[in-house]
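Taking it in order: structure first as structure tokens, then the write-up.
The values are calculated or read from the model by the stated rules, or taken from the named source; none is laboratory data. All values reported here derive from a predicted model rather than from experimental measurement. Note: ideal-geometry Cβ built from the backbone for every residue, glycine included; neighbour counts use all protein chains shown. The area values use the complete protein model at the heavy-atom level, side chains included, leaving out ligands, DNA and RNA. Shrake-Rupley method; radii C 1.70, N 1.55, O 1.52, S 1.80 Å.
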Amino acid sequence: MSGGPLVLAVPSKGRLQENAAAFFARAGLVLSQGRGVREYRGAISGVPDVEVLFLSASEIVSKLAAGGAHLGVTGEDLVREGIADAAERVELLTPLGFGQANVAVCVPQAWIDVRTMADLEEVAADLRARHALKMRVATKYVNLTRRFFAERGVADYRIVESLGATEGAPAAGAAEIIVDITTTGATLAANALKVLDDGVILRSEANLVASIGAEWGERARAAARTLLTRIAAEEEARTTREIRAAMDPDRPLNLQDFARLATLPYGAARGVELVLRCPKERVFAVVEALVAAGARDVTVGAVDYVFRPGNPLPDRLFARLA
């Protein structure tokens, strides 16, 4: 096959690295890191044509934007901030269930009359009228802030780029308000700040991201299909339950009665045993229907993987690359 191997960029340290490794391991994709933690290249055990790069979350965004990596694990906030035309240059394939945080507009709690973005225009006008100053916004998220403020019609302000602890800027007199990332809100409360009612810019979490501009040769595409097929199979299995029921042979059974609640895997009805799969939130409804239809014994279990002829992750990626 032509072309180079698939390049997968993953976080190099901390909780993000641990969570990313656990995510891939659930899909049977075990990351190995070369000769140790100081080696920034690795592989996936048992999967050929994959080169793993261990980088910081922000470096991963740069690699994806430049086409230096085919796939990467990083926060959506960093993608939206670091790539101005993100929708054209990358594809966010799937959220990963960790690294959740909100990028939000925060103001001092003492501003009791300031609750929405519309109120900021009044604050900005007052600062200009009283002190001939523009309202200052401290943030590391310069691009996200500018886009969000423009959409909300807030124009009379200036950005103060934050290099340290952004939440301390108002108390230090460096800015009137901030745009920062928050998880529990505890740090904001400790600094006497609050999130505006309509001030959440982005609800972010770690994502598996694909670079549209990378060199997608045959080797990279084949390796990507292997990875994404396994990931999609594990993701579906995580939200699916398998139900087995011993049915009464003397009572007629109409499988169409269960069609709206569950699926019947091919060849799953043998004799008086019925096997169904359904989303886990429908389990009890399916069990009740089975019991009502004469089931003598019903068991429910998790499944490891659900493989299908077509999987949404590789299908969506290759549709973008076509």
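Output yes when any residue across the range 109-117 is over 16 Å from L208 (Cα atoms) and of a type in the set (F, W, Y), and no when none is. Within the range 109-117 (the criterion being over 16 Å from L208 (Cα atoms) and of a type in the set (F, W, Y)), the answer is yes, since at least one residue qualifies. When the range 244-260 is limited to residues that are among the basic types (K, R) and touching a residue at least 40 places away in the same chain (Cβ under 8 Å), the one that is nearest to R282 (Cα to Cα) turns out to be R244.
Tally up the residues in the range 155-188 that are part of a loop (DSSP other than H, G, I, E, B), surrounded by fewer than 16 Cβ atoms within 10 Å (Cβ to Cβ) and at negative phi, please.
Qualifying residue count, the range 155-188: 8.
The residue pairs whose first member lies in the range 8-24 and is in contact (Cβ under 8 Å) with a residue 24 or more places away in the chain and buried (at least 18 other Cβ atoms within 10 Å of the Cβ), whose second member is small (G, A, S) and assigned to a helix (DSSP H, G or I), and whose beta carbons are closer than 6 Å, counting only pairs six or more residues apart or on different chains, are V10/A20; P11/A20; P11/A57. Scanning the range 130-154 for residues that are touching a helix residue (DSSP H, G or I) at 6+ places or on another chain (Cβ under 7 Å), open to solvent by less than 20 Å² (accessible area, probe 1.4 Å) and among the aliphatic types (A, V, I, L, M) returns M135, V137, A138, L144, V154.
Scanning the range 62-121 for residues being in contact (Cβ under 8 Å) with a residue 24 or more places away in the chain, among the polar types (S, T, N, Q) and within 26 Å of R320 (Cα to Cα) gives a total of 2. Residues being on the phi < 0 side of the Ramachandran plot and either at pLDDT 95 or above or polar (S, T, N, Q) (or both) are entirely absent from the range 242-253. The residues of the range 290-302 that are in contact with a helix residue (DSSP H, G or I) (Cβ under 8 Å, 6 or more places away or on another chain) and open to solvent by 30 Å² or more (accessible area, probe 1.4 Å), listed by number, are V298, V300, A302. Taken over the range 84-129, the criterion of being crowded, with 17+ Cβ neighbours inside 10 Å, over 30 Å from F23 (Cα atoms) and within 29 Å of the chain's Cα centre (by Cα) is satisfied by V105, C106, V107, M117.
Just to be sure, is D156 charged (D, E, K, R) and under 29 Å from L96 (Cα atoms)? It is false that D156 is charged (D, E, K, R) and under 29 Å from L96 (Cα atoms). Screening the candidates V50, V30, V73 for the property of being under 30 Å from A319 (Cα atoms) and surrounded by fewer than 18 Cβ atoms within 10 Å (Cβ to Cβ) yields one hit, V30. If you scan the range 118-159, which residues turn out to be of a type in the set (S, T, N, Q) and closer than 23 Å to A171 by Cβ? If the condition is that a residue be of a type in the set (S, T, N, Q) and closer than 23 Å to A171 by Cβ, then T139, T145 are the ones that fit. Residue count for the range 308-319 under the criterion of being loosely packed, with under 13 Cβ neighbours inside 10 Å and either modelled with pLDDT of 90 or more or not in a loop (DSSP other than H, G, I, E, B) (or both): the result is 1. Of all residues in the range 189-231, exactly one satisfies the criterion of being open to solvent by 60 Å² or more (accessible area, probe 1.4 Å), in a strand (DSSP E or B) and under 28 Å from V52 (Cα atoms), namely R203.
Among the charged types (D, E, K, R), under 18 Å from the mean Cα position of the chain (by Cα), open to solvent by 40 Å² or more (accessible area, probe 1.4 Å) and within 30 Å of F24 (Cα to Cα): is that true of R80 in this structure? Yes. Scanning the range 278-307 for residues that are part of a loop (DSSP other than H, G, I, E, B) and not hydroxyl-bearing (S, T, Y) yields a total of 8. Against the condition of a type in the set (K, R), open to solvent by less than 80 Å² (accessible area, probe 1.4 Å) and in contact with a helix residue (DSSP H, G or I) (Cβ under 7 Å, 6 or more places away or on another chain), how does R241 come out, does it pass? So R241 passes the test.
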